Each structure stands twice: as C-alpha cells, then as structure tokens.
Amino acid sequence: MSDSEWITRKDHGGGVFEIRLGRGPVNALTPEFLNQIKAEFDAIAVDPDIRAVILTSPFKVFSAGMDLKAAREFDIPRQQAVVRGLNEAFLAIYACPKPVVAAINGAAIAGGMFFVLCSDVRVVMAKTKFGLAEVQVGVDFPVGPLEIARATLDGNIARRLMLTGQTIGPIAARNFNLVDIIADDAEDLMGYALKEARTLAELPAGAFASIKRQLRGDTITKIETAMAAGANEPANGWFTEETVPAMTKVIG
C-alpha cells in the first residue's frame, strides 16, 4: 500500500499497521476523504501482510464530522456524494475482516464517532468527548451509520446520544460500553493500542474474520441491500429546509 493524500500508515511489525487519518485540522469528512478511507480499508481487507490495524489521528480532535461551513453550500449532487461516502467508508471499516483498534486522542463527534463504533477495540485518552450531533445540525442518519449505531449502541445510550446531540466524556462512554480502555496520556494511549492490536494479530486470522462476520453479517447485509436499492443517492439530497439554518446556528 502507498500513502494517500490524507492517510498515512506505519508498520509496527508483526502484521500490525497504524493507519493515521491526517486531514487537518479536525479530520473533517468530505466525499473525497471518505472515498480514500474506503479505498484504504478495501485494500487492508485483502492484504495478507496486515493482521491488525490501529486507527490514529495526530490532531487534538480525532474527527469532528462534516465541515459544516463547506456543507452549507452543498448542492444535491454534493449531498448525495457525502451520503454515499458515509455509507461506503464506514461499512468498509465495520466489515473489515482484520481487527481494528481505535486509538482516540480527542473528540469524536457526529460522523467522527463512527470511527469508534466501527472498531473492535476502543482505547481513548482522558478528557476526550463523544457525541452524535446530527440532530443539532438538522440531518438524519444515512443507512450505513444508522444501522451501525443500531447494532453497537443499546437503546438508552442511543436515545441519549442520537435524540439530543449532547456529548459524553470517557467515563460515561466506558460505562455505556462505548470504549474499553482509558489512557492517561498520548504515550499510554499508543502503548495500550499496540498491546491490544498485537494480541489480536496473534489470533487465527480466518477464525477472527469468520466470527466477526457472524456477529455483524445481518447489519452488513442490511446496509448493502439498502445501498443497492438507491440509498446512496437520495433523490432530494440529504438536507431539508432545516439543515442550513441549523448548521449556521451551530457554527455561530
């Protein structure tokens, strides 16, 4: 694999690769960035040299979701491109047959939260925050993120996050089983993530991939079926008359 514009990778040995998301300053999600993420995970899925992946970011915010200032100007084709990108990129991570460890060093909000929900092990740094702010910016969930949220969140935390858009901290996230390990600092974060990834990399790869598919297959099929039926190209776009005013209010 070769580096793409916003994604770099580092070989930690033993089949463990770090995938660094580097679209500064907050890994804002655009169709182009999402397409690169999909391509990266499509390649990871079939690369025999990769046995586990660690997702990282060099920024204080892991990912803040969409760039709202740019999104306010999106026409219908651009809105469709974002929906397609969200569906396909997060499905590629969620369905990846290799172990995925998320090392979250900063806030993961809205679309950025799905890097957490799609991963297999979640290691986070203290003082991070998590949220699904779509309701605050006047959009609903494309089918891919929606089905992943349904599969990974229990009813009460889904209600708390998805219906209010409010954020929670790492302790609450661990209590709700959204994260597994809380690290004190960046050094510990990477240390824990490497330990988890190396442990997962030693598992029989075929058995891991098969069991992961058993656990996630129904959700994957729902997403693939909906995309085949046209969910990637909503005829009227993604936004409603509420969206731009809500985005403008959030931006301030």
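The values are calculated or read from the model by the stated rules, or taken from the named source; none is laboratory data. Remember, it's a predicted structure, so these values are computed and weren't measured experimentally. Using ideal geometry, Cβ is built from the backbone for each residue, glycine included, and neighbour counts are taken over all protein chains shown. We work out accessible area using only protein heavy atoms, side chains counted, and drop any ligands, DNA or RNA first. Shrake-Rupley method; radii C 1.70, N 1.55, O 1.52, S 1.80 Å.
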Does the stretch 107-118 include one or more residues that are in contact (Cβ under 8 Å) with a residue 40 or more places away in the chain, of a type outside the set (Val, Ile, Thr) and outside any helix (DSSP H, G or I)? yes
Checklist (1) open to solvent by 40 Å² or more (accessible area, probe 1.4 Å); (2) β-branched (Val, Ile, Thr); (3) touching a strand residue (DSSP E or B) at 6+ places or on another chain (Cβ under 9 Å) applied to Ile76, failing item: (3)
Tally, over the stretch 27-38, of residues that are without any contact (Cβ under 8 Å) to a residue 60 or more places away in the chain and more than 16 Å from Arg9 (Cβ to Cβ): 6
Just checking: which of the helices (runs of 4 or more DSSP H) contained wholly in the stretch 154-252 hold 3 or more residues that are in contact (Cβ under 8 Å) with a residue 12 or more places away in the chain and under 30 Å from Asp49 (Cβ atoms)? 186-201, 205-226
Give me the residue from the stretch 221-235 that is of a type outside the set (Lys, Arg) and in contact with a helix residue (DSSP H, G or I) (Cβ under 7 Å, 6 or more places away or on another chain) and, out of that set, surrounded by the fewest Cβ atoms within 10 Å (Cβ to Cβ). Glu233
If the Cβ limit is 7 Å and pairs must be 6+ apart or interchain, which residue in the stretch 1-18 that is part of a loop (DSSP other than H, G, I, E, B) pairs with which residue that is at pLDDT 95 or above and surrounded by fewer than 12 Cβ atoms within 10 Å (Cβ to Cβ)? Gly15/Asp49
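Select, from Val143, Val123, the only residue that is under 19 Å from Ile37 (Cα atoms), out of contact with any Gly (no Cβ under 7 Å at 6 or more places or on another chain) and crowded, with 18+ Cβ neighbours inside 10 Å. Even if it seems obvious, please write down each step before you answer.
Values: Val123 fails: under 19 Å from Ile37 (Cα atoms).
Just a single option satisfies the conditions, and that option is Val143.
For the stretch 140-153, which positions are in a loop (DSSP other than H, G, I, E, B) and charged (D, E, K, R)? Even if it seems obvious, please write down each step before you answer.
Step one: filter the stretch 140-153 for residues in a loop (DSSP other than H, G, I, E, B), giving 140-142, 153.
Across the stretch 140-153, the qualifying residue is only Asp140.
Only one of these is in a helix (DSSP H, G or I), crowded, with 23+ Cβ neighbours inside 10 Å, in contact with a Pro (Cβ under 9 Å, 6 or more places away or on another chain) and not aromatic (Phe, Trp, Tyr): Leu91, Leu86. Name it. Walk me through how you get there before you give the answer.
Details: Leu91 fails: in contact with a Pro (Cβ under 9 Å, 6 or more places away or on another chain).
Exactly one of Leu91, Leu86 is in a helix (DSSP H, G or I), crowded, with 23+ Cβ neighbours inside 10 Å, in contact with a Pro (Cβ under 9 Å, 6 or more places away or on another chain) and not aromatic (Phe, Trp, Tyr), namely Leu86.
Considering Asp75, Asp67, Asp47, which residue is farther than 22 Å from Trp6 by Cα and of a type in the set (Asp, Glu)?
Values: Asp67 fails: farther than 22 Å from Trp6 by Cα; Asp47 fails: farther than 22 Å from Trp6 by Cα.
Result: Asp75 is the single residue among Asp75, Asp67, Asp47 that is farther than 22 Å from Trp6 by Cα and of a type in the set (Asp, Glu).
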Criterion first (in contact with a Phe, Trp or Tyr (Cβ under 9 Å, 6 or more places away or on another chain), of a type in the set (A, V, I, L, M, F, W, C), in a loop (DSSP other than H, G, I, E, B) and in contact (Cβ under 8 Å) with a residue 60 or more places away in the chain) does Phe74 satisfy it? yes
Here's a check for you: in the stretch 183-220, which residue that is of a type in the set (S, T, N, Q) and over 20 Å from the mean Cα position of the chain (by Cα) is least open to solvent (accessible area, probe 1.4 Å)? Ser210
